[in-house]
1. Is it fair to say ALA98 is outside any loop (DSSP other than H, G, I, E, B) and crowded, with 24+ Cβ neighbours inside 10 Å?
2. If you check LEU125 against the conditions, is it part of a helix (DSSP H, G or I) and out of contact with any Ser or Thr (no Cβ under 7 Å at 6 or more places or on another chain)?
3. Taking the options VAL96, VAL73, name whichever one is within 18 Å of the chain's Cα centre (by Cα), away from the ligand (no atom under 13 Å from the Cβ) and farther than 23 Å from PRO217 by Cα.
4. Six or more apart or on different chains, Cβ atoms under 8 Å: show the pairs whose first residue is in region 117-144 and under 22 Å from VAL178 (Cβ atoms) and whose second is hydrophobic (A, V, I, L, M, F, W, C) and more than 16 Å from the ligand (Cβ to nearest atom).
5. Among LEU109, LEU66, which is the only one that is over 24 Å from VAL211 (Cβ atoms), within 15 Å of the chain's Cα centre (by Cα) and away from the ligand (no atom under 14 Å from the Cβ)?
6. Restricting the search to region 112-127, which residues are touching a helix residue (DSSP H, G or I) at 6+ places or on another chain (Cβ under 6 Å) and near the ligand (Cβ under 9 Å from one of its atoms)?
7. If PRO4 satisfies all but one of (1) without any contact (Cβ under 8 Å) to a residue 40 or more places away in the chain; (2) surrounded by fewer than 18 Cβ atoms within 10 Å (Cβ to Cβ); (3) not small (Gly, Ala, Ser), what's the number of the condition it fails?
8. Pairs only if they're at least six apart or on different chains, beta carbon under 7 angstrom, first in region 76-89 and within 14 Å of ILE150 (Cα to Cα), second crowded, with 23+ Cβ neighbours inside 10 Å and among the acidic types (Asp, Glu); list them, first residue then second.
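Derivation of every value follows stated rules applied to the coordinates shown; laboratory data play no part. This structure is a prediction, so every number in the text was calculated from the model and none was measured. Cβ sites come from the backbone with ideal geometry, for glycine too, and all protein chains shown count toward neighbours.
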Amino acid sequence: MPAPGSDRLIVALDVETAVEARVLIASLGDAAGFYKVGLEMFTAAGMDFVRELKSQGHRVFVDLKLYDIGETVKRAVAQVAKVGADFLTVHGSRAVMAAAVAGRGDSSLKLLAVTVLTSFDESDLRQMGYACDLPTLVELRVRNAMDAGIDGVVCSALEAARVRAIAGPRATLVTPGVRSAGASAGDQKRVATPAEAIANGADYLVIGRQVTRSSDPRAEFLKICEEISR
Ligand code: C5P
């Protein structure tokens, strides 16, 4: 039976092959039911693997962070919608988001805009030539996403409360960069604990390495469920 709180956790299948992903999914068993297929998994196993997850009754977040000319984005989003994926990320540029909304059509695919990667901090923004600070850029991207008809945003758990205030109660907030106290942050610069993320208004938490690199992924996953339902 799924553990209380598990419906808000999305496990990032950041592994090299579909075989490894299947082992991870089997080790999580019925505890987890929502998986993220990101760039690594998608380039390894593609849409067939997304179909496989859907055919097993899982919810699937296709995290491709699409960014291209409008027509290409529209047609790619239509393909993702066709397989019954649940969430898809696109970049927070206006033309990309408008094309994604057109491509999704009347499917149930939820579109999420990427605000600023949780592996970026202020110095990364300066290096990329942004003159504004991180909160200002996040705020701008959230407003643009809502204006474009996007369903929600991916943001740092540390920004979730401010994002919620701007995006409103109906927006879906998904927060990666989540770590239990004491777990390694890896390359993430803006991390929060699962409980902080929920308290800040996140609807879904993306959990990657803390679970996928654990010697006991199921125990680690259940520990996080307990942390957020406490
Ligand atoms: O291993 P970890 O928990 O850091 O994994 C986070 C996952 O969330 C990765 O798959 C990463 O690509 C994704 N992600 C992120 N920051 C964003 C959007 C997605 O870390 N802004």
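1. Numbers: outside any loop (DSSP other than H, G, I, E, B): yes; crowded, with 24+ Cβ neighbours inside 10 Å: no.
Here the answer is no, as ALA98 does not meet what is asked.
2. On the way: part of a helix (DSSP H, G or I): yes; out of contact with any Ser or Thr (no Cβ under 7 Å at 6 or more places or on another chain): yes.
So LEU125 fits the description; yes.
3. VAL96
4. Short answer, once both residue conditions are applied: LEU125/CYS132; GLU139/ILE166; VAL142/ILE166.
5. Values: LEU66 fails: away from the ligand (no atom under 14 Å from the Cβ).
LEU109 is the lone residue from the list that is over 24 Å from VAL211 (Cβ atoms), within 15 Å of the chain's Cα centre (by Cα) and away from the ligand (no atom under 14 Å from the Cβ).
6. THR115, VAL116
7. (1)
8. THR89/ASP63
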